[in-house]
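K.L.:
Below is a structure I'd like to ask you about.
The numbers here are math on the coordinates, done by the rules we state, and not lab data. The structure presented is a predicted model; accordingly, all values stated were derived computationally and were not measured. Note: ideal-geometry Cβ built from the backbone for every residue, glycine included; neighbour counts use all protein chains shown.
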Amino acid sequence: MSRFKMQFSDDSSNVPYSRLNWPSDEVLSADFPKIQYLIRFLEFIHYLGSIYKMMKKKLRAEKTEVLTEDLLQVEKRLELVKQVSHSTHKKLTACLQGQQGVDADKRSKKLPLTTLAQCLVEGSTILGEDSLLGKMLKMCGDTEDRLAQELILFELQIERDVIEPLFVLAEVDIPNIQKQRKHLAKLVLDMDSARTR
């Protein structure tokens, strides 16, 4: 089997595949006709690997940095900001008592405070507003209705000033930044490749 031993020089990665010291075609075809094709294929793969390593080192050495150190640090934190914004948006939305995304009138109808206020006012009507209990129910009903209106206005303001901006940041702005960053990296790679030609 010694006649099939493949010999490489110490720096065989830089030797063209056609000059490697492989067994001759006559030796291979005499005993193993199909092995010569496999060996030729392997030596070609070895040659491509050496070219790849050389090109990789060259491109790495000539890679252009277009972002400042501060921007690179911000880029590393983008994904964390996205996760925190998404989680906060989800929890804030769960805290809303009214239906999100509808106007104040529709939201008021399904609010528990509004239902309670209506129940109290109806009770005062049944008992009579002249009675002590009727007056108390009427006053409590009006108070609950005002609380419901204040809660609706508060939740609408929270949606406008906090929840919607968090959603836009997590689902629109940051993904767009990451998309543009990938596009920029591709353009820089194309520019560096064009310089090496």
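K.L.:
Multiply the residue separation of residue 95 and residue 189 by 0.36 nm, subtract the distance between their alpha-carbon atoms, and state the gained length in nm to one decimal.
P.N.:
The residue 95-residue 189 span can extend by a further 29.2 nm.
K.L.:
Now for a different question. Could I have the simple spin-label model distance between residue 44 and residue 71, label points 7 Å from Cα toward Cβ, reported in nm to one decimal?
P.N.:
Reported label-point gap for residue 44 and residue 71 is 4.4 nm.
K.L.:
For a label point 7 Å from the Cα of residue 118 along Cα→C-beta, name the residues of the range 144-160 whose backbone N is under 20 Å from it.
P.N.:
Only 144-153 fall inside the zone, counting backbone N under 20 Å.
K.L.:
Tally Lys and Arg at +1 and Asp and Glu at -1 over the other residues with C-beta under 11 Å from the C-beta of residue 163: what net charge comes out?
P.N.:
Around residue 163, the charge tally is -1.
K.L.:
Bin width 10 Å, alpha-carbon pairs only: give the P(r) of the range 147-197 as whole percents, running from 0 to the bin holding the largest distance.
P.N.:
All Cα pairs considered, the percentages come to 22, 23, 19, 15, 11, 7, 3, 0.
K.L.:
Between the DSSP loop rule and a limit of at most 15 other Cβ atoms within 10 Å, which GluC sites (Glu not before Pro) in the range 94-197 are left?
P.N.:
129
K.L.:
P(r) for the range 69-196, please, calculated from all Cα pair distances in 5 Å bins and given in %.
P.N.:
Each 5 Å bin holds this share of Cα pairs: 2, 10, 13, 12, 10, 9, 8, 7, 6, 5, 4, 4, 3, 2, 2, 1, 1, 0, 0.
K.L.:
In whole Hz and in residue order, list the ³J(HN,Hα) couplings for the range 185-193 that follow from phi through the Karplus curve 6.51 cos²θ - 1.76 cosθ + 1.60, θ = phi - 60°; x for Gly and Pro.
P.N.:
Once θ is set to phi - 60°, the couplings for the range 185-193 become 4, 5, 5, 5, 4, 4, 5, 5, 5 Hz.
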